[in-house]
Amino acid sequence: MGVKLGKIYDIVTNKKGYGGRMQFAQKIGVSKNKALKIKDTDEIVRKFKAVAADFIGENIDKFL
């Protein structure tokens with residue numbers, strides 16, 4: 001559960017640091033701990049990827 005969402009959080013953290021991770025959590029409305037417990041549905045993964053890409057300024061598919 002939440003494997004892909006956790007990877008997206010890791011990408012954001014690597015690109016923007018811990019402070020960036022906190023900002024991403026505010027934008028997405030889900031903490032990393034909660035994201036790790038959510039089922040990776042296509043819809044949720046698409047939403048996380050879109051917000052993450054917008055937040056870091058590049059497509060994250062190449063990092064997944």
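The values are calculated or read from the model by the stated rules, or taken from the named source; none is laboratory data. What you see is a predicted model; the values in this text were computed from it and never measured. All accessible areas refer to the heavy atoms of the entire protein, side chains included, with ligands and DNA or RNA removed. Shrake-Rupley method; radii C 1.70, N 1.55, O 1.52, S 1.80 Å.
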(request) Run down Lys49, Lys7 and say which single residue is open to solvent by less than 70 Å² (accessible area, probe 1.4 Å), of a type in the set (D, E, K, R) and under 8 Å from the mean Cα position of the chain (by Cα). (result) Lys49
(message) What's the number of the only condition in (1) open to solvent by 60 Å² or more (accessible area, probe 1.4 Å); (2) at pLDDT 95 or above that Met1 fails to meet?
(response) (2)
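Yes/no per residue for (1) of a type in the set (Ser, Thr, Tyr); (2) part of a loop (DSSP other than H, G, I, E, B):
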| residue | (1), (2) |
| --- | --- |
| Met1 | no, yes |
| Lys4 | no, no |
| Tyr9 | yes, no |
| Gly17 | no, no |
| Gly20 | no, no |
| Lys39 | no, yes |
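Take the conditions at pLDDT 95 or above and open to solvent by 70 Å² or more (accessible area, probe 1.4 Å) and apply them to Lys62. Does it pass? Can you show your working first?
Details: at pLDDT 95 or above: no; open to solvent by 70 Å² or more (accessible area, probe 1.4 Å): yes.
Taking the combined requirement at face value, the residue does not satisfy it.
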